[in-house]
Structures are given as structure tokens and as C-alpha cells.
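Comments concern the structure below.
The values are calculated or read from the model by the stated rules, or taken from the named source; none is laboratory data. None of the values given here were measured: they were computed from a predicted structure. Positions of Cβ are backbone-derived with ideal geometry, glycine not excepted, and every protein chain shown enters the neighbour counts.
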Amino acid sequence: MKLMDGKKGIIFGVSNTHGIAYAIAKQLYEAGADIAFTYAGEAMEKRVRPLAEGMNAKLIMSCDVTKEDEVAAVFKECERIYGKLDFVVHAVAFAAKEDLQGRFIDTSRAGWDLAMGVSAYSLISLCKHAEPIMNEGGSIFALTYLGSEYVVANYNVMGVAKAALESSMRYLAADLGKKNVRVNCISAGAVKTLAAKGISGFDKMLKAAIAKSPLQRNVSLEDVGKAGLYLASDLSTGTTGQILYVDCGCHAVYASLEEMEIISNAMTVQHKE
């Protein structure tokens, strides 16, 4: 018997085979889970549908998480097909490219509202509509990043949106804990995904992560996928309101010896100039 046999759930945010959402879906499917998928509009359907069909999905549905009626429709269809759900995965985030560059102080109000709505409020919306059909002992989790706690170059408004997501997660955990439903976040380290390529200087972030990491490597998609399997499964029945760091230990280190050497050398060069 597999770990997720008999478990049913939905994942929001799969867009290609080179992303964290897909890595989580793959681990869940291989462990026996029955997974529903959503996609954001017609343009994404061509990418997502083949992936979902490859995992024998019974539900593949369009959903703009900023539209309450579409979120409600998805969960209504989940109830029709599955009855109850055991897990919900929130892997949705977006910010305008211009708000991920330059100075954070120049973030537009429209850019702020967009990033917050898609990346943070959507978790509240998903939880609200999932609540009536979640099985006791169910699990809901979202994806976050260390930019919520520290300034990360070219992350800007997304870092603030992730901070809002994490805080929301704790309040949601308090609300849904009364029904024995867990709510958590995975904070993945810098990992090569198509989405990450949109962050200016991302290659430097990968190198810096290796220098800082106690494990002396970058985290892999498989690492994060396994963490998602843990949170969705009954292995995590006592874990809620938590941020699970999957970053090879980067979050625990202020500066490694390698980093301090690099900084020291750079300062020496500047001083000589």
C-alpha cells in the first residue's frame, strides 16, 4: 500500500515540468494520490492538460484565483467528483516584472494590489471554499520564500506578498485547526525553475546559496516535492502553522566563511581603487 492511497486533493499552480508545483504533484501521484489540477486561462491549458492527464486527473479546470466565483466553482466541482478532499496545494504567485526590479519604494499601488491579491489573499480564498469539503485530518499548504524575512535583491514586492502569505497561513491554521485541518508553508531555497528565470541575477543567487548552505549545494525540485508529500500526508498530522524550510539550511546561516571571504575580497578591491 502506498502512502497516499485513497487520498484526494487539488493543486493550484502547475504550469510546466520544471516547477515546484509539478515536483510536488509528481511525488503525490507516485505515492498514490488522486489529484485535480487547475490552470490560469486558455493559454495555460495547453501546458497543464497533458501533465494532468498523465497523472490520470479526473478534474482539470480553469481558475483565476483572483475571481471568487471561479474558485467557488472549482471546489463545487471537486465536491461533485470527489466528495471530500484530503489536501489542497497553493502554488500560485505573481507580480508585475517592473515591480521586481529597481527600488521597492517605487512599487505602484496597482502592482502592490496585484501581487498581494494573486500571491497572498488567494490562500484565504482557497481555504474558505475548501473548508466545507475538507476531510478531518486534511492538509493545506502554500509555497513561500526567504525573501519574506530578508531583503533579497530583485524580489521586492513579492517578498512583502510572501510575508503576508505566511502570516495569513498562521491565522488560517488557527481557524481550521478546530476542524483538525492543518495549514502550513514550504519555504523552498533558490531552485532552477522557469519562473525563477524572471528574477534578475538569479544565477548569482544560486551561487550564493551554495556558498551559504551547510549542505554545500542548491536544493533540488525533488527535495521540495518530497517536503510537499510529507505535508500532504498523514506523516505530518502534528504539524500546523509552520514554515518548513527546504533550502539545504541557508535560512539558518547568516554568512558562511566562503561568503565572508568573497565580501572581504570585494571590499579590499574597492579600497584599493
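Miscellaneous remarks
- Of everything listed in (1) in contact (Cβ under 8 Å) with a residue 12 or more places away in the chain; (2) under 24 Å from Thr239 (Cβ atoms); (3) not hydrophobic (A, V, I, L, M, F, W, C); (4) not in a helix (DSSP H, G or I), the single unmet condition for Asn154 is (2).
- Candidate set: segment 221-267, residues that are at pLDDT 95 or above and hydroxyl-bearing (Ser, Thr, Tyr); chosen: the one surrounded by the fewest Cβ atoms within 10 Å (Cβ to Cβ): Thr237
- Of all residues in segment 86-94, none are free of Cβ contacts under 8 Å to residues at least 24 places away in the same chain and at negative phi.
- Residue check for Ser168: part of a strand (DSSP E or B), under 19 Å from Phe12 (Cβ atoms), of a type in the set (Gly, Ala, Ser) and at pLDDT 95 or above: no
- Output for segment 7-42, where each listed residue is on the phi > 0 side of the Ramachandran plot and in contact with a strand residue (DSSP E or B) (Cβ under 8 Å, 6 or more places away or on another chain): Gly13, Gly41
- Residue match in segment 171-186 (condition: assigned to a helix (DSSP H, G or I), of a type outside the set (Gly, Ala, Ser) and closer than 25 Å to Val219 by Cβ): no
- Taken over segment 102-145, the criterion of being farther than 21 Å from Ala40 by Cα, outside any strand (DSSP E or B) and more than 14 Å from the chain's Cα centre (by Cα) is satisfied by Gly102, Arg103, Phe104, Ile105, Asp106, Thr107, Ser108, Arg109, Glu131, Pro132, Ile133.
- Checking every residue in segment 58-81 against the condition of being among the polar types (S, T, N, Q) and at pLDDT 95 or above gives at least one match.
- Of all residues in segment 1-18 being small (Gly, Ala, Ser) and modelled with pLDDT of 95 or more, the one that is surrounded by the fewest Cβ atoms within 10 Å (Cβ to Cβ): Gly6
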